[in-house]
């Protein structure tokens, strides 16, 4: 088994560059997809993901290994404010800034009085559920990338896409399991490179994307925007900060478990770093930020938790934001290649939630835990990225599942059953 690299450990530059690029590849698809779905500019989002990660590392004093990227939890509320019209984006930015301020307030409470209030609000049954929801909620996008939106093989083109995805997946899996030395630390990057080559040989590279690579400028500032005051946007978007609180706590718990080191004492600073990153991003026209589960998956598979890794990745992301040509190269990666690697990454995310449960010895003979986890997972996965729309307001599956887990856990634990009543509860297998 390859050794663990802890947050404070330095990595030689010759190794750090490809390892940082691997994290950029892992986060790129989601970080760029989220702003596209919201109507934001991907170059701006990419730039601020790098800036946000740097701020996060500084605020957490390089103790918490994480990459910050675009949050999917805000897609529904943002679209409810903008209605898909670019001229309304400044109003949405104001709501995102408001969410960041509330998030910072939660960070201040945690720094002042500790994380016990978070532990009561979000015990392991909730945090494990939220982390698993994230992985499962992204499952359909992984399969759609690997195959197609219909999940069907009808033509030779479909079979070729699946072959490219399989080649990418098997390469990444083989490298992570069987290779030795430094190459074993680069399964995702190696899988993407091999998948890209297979896609080129198969002739499925997008000509338009390749043309964009040729025409893109080497240097160019992102098209920044500033927020505009809107009470309605504030009321619709700001409450989503609760999802970020749950996500971040779950991520910290998952990283702690994989690394074998308790990062909970740094939770307040992690909240503050995420909040500041989101606020700065909103001021410049970027998307709200969150710690990225995709990069947690990379850490889990490589066992490299060095924060220098993320310092390099953040620097590369900033350069991507300032170099349209480099970004165009990454954007030319075919969907089946991304589907192949995310099949591994999203699966690891889902299992991270299970690991949180097992590490905390969550009792699934307790029907309250069954209801909290089971109902939230099913509802969130069923809604998926389409979410639930009520009166023109859309709530993404991740957000709805998180809120359901929080509410169900609170309501079902208002009154603890007596010891005798607990003995009378039938075994979980009887359900």
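The values are calculated or read from the model by the stated rules, or taken from the named source; none is laboratory data. Just so it is clear, the structure is predicted and the values come from calculations on it, not from any experiment. Cβ coordinates were reconstructed from backbone atoms using ideal geometry, including for glycine residues, and neighbour counts include every protein chain displayed.
Only one of the numbered conditions (1) surrounded by fewer than 21 Cβ atoms within 10 Å (Cβ to Cβ); (2) touching a helix residue (DSSP H, G or I) at 6+ places or on another chain (Cβ under 8 Å); (3) in contact (Cβ under 8 Å) with a residue 40 or more places away in the chain is not met by residue 157, and that is (2).
Checking each residue in the range 313-365 for being more than 24 Å from residue 384 (Cβ to Cβ), touching a residue at least 12 places away in the same chain (Cβ under 8 Å) and not in a helix (DSSP H, G or I) picks out 323, 332, 360, 362, 364, 365.
Among the residues of this structure, residue 1 does not count as one that is part of a helix (DSSP H, G or I), modelled with pLDDT under 85 and surrounded by fewer than 24 Cβ atoms within 10 Å (Cβ to Cβ). Restrict the check to the range 86-97 and report whether at least one residue is over 30 Å from residue 274 (Cβ atoms), in contact (Cβ under 8 Å) with a residue 24 or more places away in the chain and out of contact with any strand residue (DSSP E or B) (no Cβ under 7 Å at 6 or more places or on another chain). Looking through the range 86-97, none of the residues is over 30 Å from residue 274 (Cβ atoms), in contact (Cβ under 8 Å) with a residue 24 or more places away in the chain and out of contact with any strand residue (DSSP E or B) (no Cβ under 7 Å at 6 or more places or on another chain). If you go through the range 372-402 and keep only what is at pLDDT 75 or above, in contact with a strand residue (DSSP E or B) (Cβ under 6 Å, 6 or more places away or on another chain) and closer than 17 Å to residue 139 by Cα, you end up with just 400.
Results for (1) exposed (fewer than 15 other Cβ atoms within 10 Å of the Cβ); (2) at pLDDT 80 or above, shown as yes or no for each residue.
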site: 120; (1), (2): yes, yes
site: 138; (1), (2): no, no
site: 162; (1), (2): no, yes
site: 188; (1), (2): no, no
site: 199; (1), (2): no, yes
site: 220; (1), (2): yes, yes
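Looking across the range 127-147, the residues that are part of a helix (DSSP H, G or I) and over 21 Å from residue 403 (Cβ atoms) come down to 141, 142, 143, 144, 145, 146.
Does residue 371 fit the bill of being touching a helix residue (DSSP H, G or I) at 6+ places or on another chain (Cβ under 9 Å), part of a helix (DSSP H, G or I) and either surrounded by fewer than 18 Cβ atoms within 10 Å (Cβ to Cβ) or on the phi < 0 side of the Ramachandran plot (or both)? Judged against the criteria, residue 371 is a match. For the range 79-102, the count of residues that are surrounded by fewer than 21 Cβ atoms within 10 Å (Cβ to Cβ), more than 26 Å from residue 133 (Cβ to Cβ) and within 20 Å of the chain's Cα centre (by Cα) is zero. Which one is farthest from the chain's Cα centre (by Cα) among residues in the range 235-275 that are under 28 Å from residue 83 (Cβ atoms) and modelled with pLDDT of 85 or more? Only one residue tops the list, namely 275. When 318, 329 are checked against the criterion of being under 25 Å from residue 73 (Cβ atoms) and surrounded by fewer than 22 Cβ atoms within 10 Å (Cβ to Cβ), 318 stands alone in meeting it. Just one of the numbered conditions (1) part of a helix (DSSP H, G or I); (2) in contact (Cβ under 8 Å) with a residue 24 or more places away in the chain; (3) over 26 Å from residue 308 (Cβ atoms) is not true of residue 40: (1). Scan the range 113-124 for residues that are part of a helix (DSSP H, G or I) and either in contact (Cβ under 8 Å) with a residue 12 or more places away in the chain or under 22 Å from the mean Cα position of the chain (by Cα) (or both) and report the count. Number satisfying all stated conditions: 4.
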